[in-house]
Each structure stands twice: as C-alpha cells, then as structure tokens.
Amino acid sequence: MSIGGGVHRAIERSCSIKCTAMQIFVKNNMQWFARPLQREEISAFLDHTQRAELHSVFAHANYLINLAATNPQFHANSLRALSEELVRADQLELPFLVLHPGAHVGAGEEAGLVKIVGSINHVLAGLPKAKTRIALETTAGQGSCLGHRFEHLAYIIANVRKPGRLCVCLDTAHVFAAGYELATEKATKRMFAEFDRIVGLEHLVALHLNDSKTVRGSRVDRHEHIGKGQIGLEAFRFIMRDRRFRKIPKVLETPKGKELKEDMENMQTLRSLR
Ligand code: ZN
Ligand code: FE
Ligand code: FE
C-alpha cells in the first residue's frame, strides 16, 4: 500500500477498502536513503485510531538493496540501506521486513549465498536490539537473482549466526515463474510440501498472492490479477482454504490505480474462494 503523504496514510487507504493485512515500504522504494522518521510520523502511525483494524502490518525492503553485490559501493549502500530500513520498521513496530535475498551478478550461486549470509550477519550484529525480523522472499530468479530455489533460503537460514531473526515470505507468482508447479490444487499442495521439507512451514510468516503474466519456469517476474494469469484460480483456492494458512497474512502486489478498485476486485475474488 502506498505511503504517499506519510506512513500513517497507508493505514487509512487500507482501511478504506477493508484490508485486514497491509504491506508497506518504509521509505521511497527507489531511493537508497532517506532522512530518519520524525517522532511525529512514528506516533501518527502507532497511535492511529484505525491501526487496530489491521490484523497484520509489515514492510517490504526497497528494490535497490543487493546483499550479494560485487561492486563495493553497491554492497556498502545495500548494507546501510537495509540497516536503516530495519530501524524504521522497528520504530513502526513492524514484525518483519520482506527482502529479496540478492543477485550474485556473475559471481556464481555459491559465492552469492556466502556473501548474503555474511551481509545479514553484519547488519544484524549492528542492530542487536531491533525486534523486526528479515523475511527472505522466494524470487522468480530473474537474471542472477537468488532465492528461486527453496534450497537457497534454507542455506541462508542454516548458515547465519542468528537464524531466529530470519523468517520467510512466499510469493506465488515468483515460485511459479521459478518453475514450481501451481496449476492444480494437488500441485500446489505438493509445492508447499516441498517448501515444508526444505525450508519449513514454521518459518513462513507471509504470502504474496499474485497471479503471473509469464509462464511457469520463465524466470520473469510479472504480476497479474488473481485468476487472470498463467497460474489461475486453483492454487489460490487451495491457499485460501488450507487451515495452515488461515493466520498467515496474505497481501496483493498486483497492478492498481489510485482508486484501488483492482485491489478490491482481487480481494473479492480471493475471499469468494474460501
Ligand atoms: Zn518482493
Ligand atoms: Fe512479492
Ligand atoms: Fe515480483
């Protein structure tokens, strides 16, 4: 949800269309850095009268951050930006910040994963008191992006110094574009069984429910409205009905205009599947 006009405005936008969960950026998502949140901005968010209408509120990190960057300046910027965003999310008392693990930019998967582990260790060591966790997101595997195999997320969790400060977010469009099958309820069930076996469902804290414009295995990340893409309704029906996901917040990252009509339609579609 857009934070235009201040983070507290996102609460109003979400409540105006009866959302029960909300994902926000904690600053402009295409900018490396921003001035710190002012005390007034923080209290406008925390003390908002509609805050309690949302069962779950969490953040998504900006897209510039690459913890596996090979360029020293990009890598340094990435560490600083992630650290600053974790501070902002913590000030807003958000439970986790969703993060794409990183892109190895030619260094190779192994080297990339090692670099991500080291980067996470560095950032978390610098913020010993922050309660906000990092939720690693499954990715489509565009270019050299890591996180398109469940094994990548499992490796990172298994190797960081503080695994309890990490958790996981699964994006349906991403896992589909990465090659996992979601065409039927049965296939979706199998995908989650594999996720459980390799990562562990106990680490799952959020779901990004997006259909995909691109075909399975395309490794191209293009979100589509629920039921209008290559995934279709079956996978979403399974997710909306499975008891294990009842308390897992689900958010849309589908195209939308200022009026939020598309969000309302997609939520209606999902809720009707229950
Ligand atoms: Zn994401
Ligand atoms: Fe996502
Ligand atoms: Fe995406």
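The values are calculated or read from the model by the stated rules, or taken from the named source; none is laboratory data. Nothing here was measured: the structure is a model prediction, and the numbers come from that model. Positions of Cβ are generated from backbone atoms using ideal geometry, with glycine treated the same way; all protein chains shown enter the neighbour counts.
Residues being of a type outside the set (K, R), within 23 Å of G257 (Cβ to Cβ) and away from ligand 3 (no atom under 13 Å from the Cβ): count how many of those fall in the range 207-229. I'd like the intermediate steps shown before the answer.
Kept after step one, since they are of a type outside the set (K, R), are these residues of the range 207-229: 207-212, 214-215, 217-218, 220-221, 223-227, 229.
Adding the requirement that they be within 23 Å of G257 (Cβ to Cβ) leaves 208-212, 214, 221, 223-227, 229.
Retained after the next criterion (residues that are away from ligand 3 (no atom under 13 Å from the Cβ)): 225-227.
Looking only at that region, the number is 3.
If you check every pair at least six apart or on different chains, which have Cβ atoms under 8 Å apart with a residue in the range 206-219 that is under 28 Å from M264 (Cβ atoms) first and a residue that is buried (at least 19 other Cβ atoms within 10 Å of the Cβ) and of a type in the set (D, E) second?
Every condition considered, the pairs that remain are L207/D171; H208/E137; H208/D171; N210/D171; T214/D221.
Quick one: which residue in A187, A206, A183 is modelled with pLDDT under 95 and more than 22 Å from A69 (Cβ to Cβ)?
Values: A187 fails: modelled with pLDDT under 95; A206 fails: modelled with pLDDT under 95.
Result: A183 is the single residue among A187, A206, A183 that is modelled with pLDDT under 95 and more than 22 Å from A69 (Cβ to Cβ).
For the range 1-40, which residues satisfy the criterion of being under 27 Å from E265 (Cβ atoms) and of a type in the set (D, E, K, R)?
Within the range 1-40, R9, E12, R13, K18 meet the criteria.
Only one of V199, V215 is surrounded by fewer than 17 Cβ atoms within 10 Å (Cβ to Cβ), more than 14 Å from ligand 2 (Cβ to nearest atom) and of a type in the set (V, I, T); which?
On the way: V199 fails: surrounded by fewer than 17 Cβ atoms within 10 Å (Cβ to Cβ).
So the residue among V199, V215 that is surrounded by fewer than 17 Cβ atoms within 10 Å (Cβ to Cβ), more than 14 Å from ligand 2 (Cβ to nearest atom) and of a type in the set (V, I, T) is V215.
Do you know which of the residues in the range 243-274 that are in contact (Cβ under 8 Å) with a residue 40 or more places away in the chain and assigned to a loop (DSSP other than H, G, I, E, B) is surrounded by the fewest Cβ atoms within 10 Å (Cβ to Cβ)?
Initial filter on the range 243-274 (in contact (Cβ under 8 Å) with a residue 40 or more places away in the chain): 244, 248-254, 260, 263-267, 269-270, 273.
Now restrict to residues that are assigned to a loop (DSSP other than H, G, I, E, B): 248-249, 252-254, 260.
On the way: I248: 17, P249: 21, L252: 23, E253: 15, T254: 20, L260: 17.
Applying the filter and picking the extreme gives E253.
Yes or no: L82 among the hydrophobic types (A, V, I, L, M, F, W, C) and surrounded by fewer than 18 Cβ atoms within 10 Å (Cβ to Cβ)?
Numbers: among the hydrophobic types (A, V, I, L, M, F, W, C): yes; surrounded by fewer than 18 Cβ atoms within 10 Å (Cβ to Cβ): no.
So L82 does not fit the description; no.
Cβ-Cβ under 6 Å, sequence separation 6+ or interchain: first residue in the range 124-141 and over 29 Å from Y180 (Cβ atoms), partner buried (at least 22 other Cβ atoms within 10 Å of the Cβ) and modelled with pLDDT of 95 or more. Which pairs?
L127/L86; A130/L86
Of the residues in the range 163-188, how many are surrounded by fewer than 20 Cβ atoms within 10 Å (Cβ to Cβ), of a type outside the set (G, A, S) and free of Cβ contacts under 8 Å to residues at least 40 places away in the same chain?
Residues in the range 163-188 being surrounded by fewer than 20 Cβ atoms within 10 Å (Cβ to Cβ), of a type outside the set (G, A, S) and free of Cβ contacts under 8 Å to residues at least 40 places away in the same chain: 3 in total.
Tell me, which residue of the range 109-155 that is acidic (D, E) and more than 16 Å from ligand 2 (Cβ to nearest atom) is nearest to the chain's Cα centre (by Cα)?
Pass one, the range 109-155, residues acidic (D, E): 109-110, 137, 151.
In the following step, the residues that additionally are more than 16 Å from ligand 2 (Cβ to nearest atom) were identified as 109-110, 151.
Values: E109: 21, E110: 23, E151: 17 Å.
Among residues in the range 109-155 that are acidic (D, E) and more than 16 Å from ligand 2 (Cβ to nearest atom), the one nearest to the chain's Cα centre (by Cα) is E151.
Only one of (1) hydrophobic (A, V, I, L, M, F, W, C); (2) out of contact with any Phe, Trp or Tyr (no Cβ under 6 Å at 6 or more places or on another chain); (3) within 19 Å of C169 (Cβ to Cβ); (4) crowded, with 21+ Cβ neighbours inside 10 Å fails for A21. Which number is that?
(4)
Does the range 66-79 hold any residues that are more than 17 Å from R35 (Cα to Cα), surrounded by 22 or more Cβ atoms within 10 Å (Cβ to Cβ) and free of Cβ contacts under 8 Å to residues at least 60 places away in the same chain, and which are they? First the steps, then the outcome.
If we filter the range 66-79 for residues that are more than 17 Å from R35 (Cα to Cα), which is where we start, we get 66-76.
Checking the rest, the ones that are also surrounded by 22 or more Cβ atoms within 10 Å (Cβ to Cβ) come to 66-69.
Result: N66, L67, A69.
Counting only residues that are surrounded by fewer than 18 Cβ atoms within 10 Å (Cβ to Cβ) and over 12 Å from I116 (Cβ atoms), how many does the range 145-160 have? Walk me through how you get there before you give the answer.
Narrowing the range 145-160 to residues surrounded by fewer than 18 Cβ atoms within 10 Å (Cβ to Cβ): 151, 158-159.
Restricting the remaining residues to those that are over 12 Å from I116 (Cβ atoms) gives 151, 158.
So the count comes out to 2.
Cβ-Cβ below 9 Å, separation at least six or inter-chain, first residue in the range 95-106 and at positive phi and without any contact (Cβ under 8 Å) to a residue 12 or more places away in the chain, second of a type outside the set (A, V, I, L, M, F, W, C) and part of a strand (DSSP E or B): which pairs?
Listed pairs, sorted by first residue: none to list.
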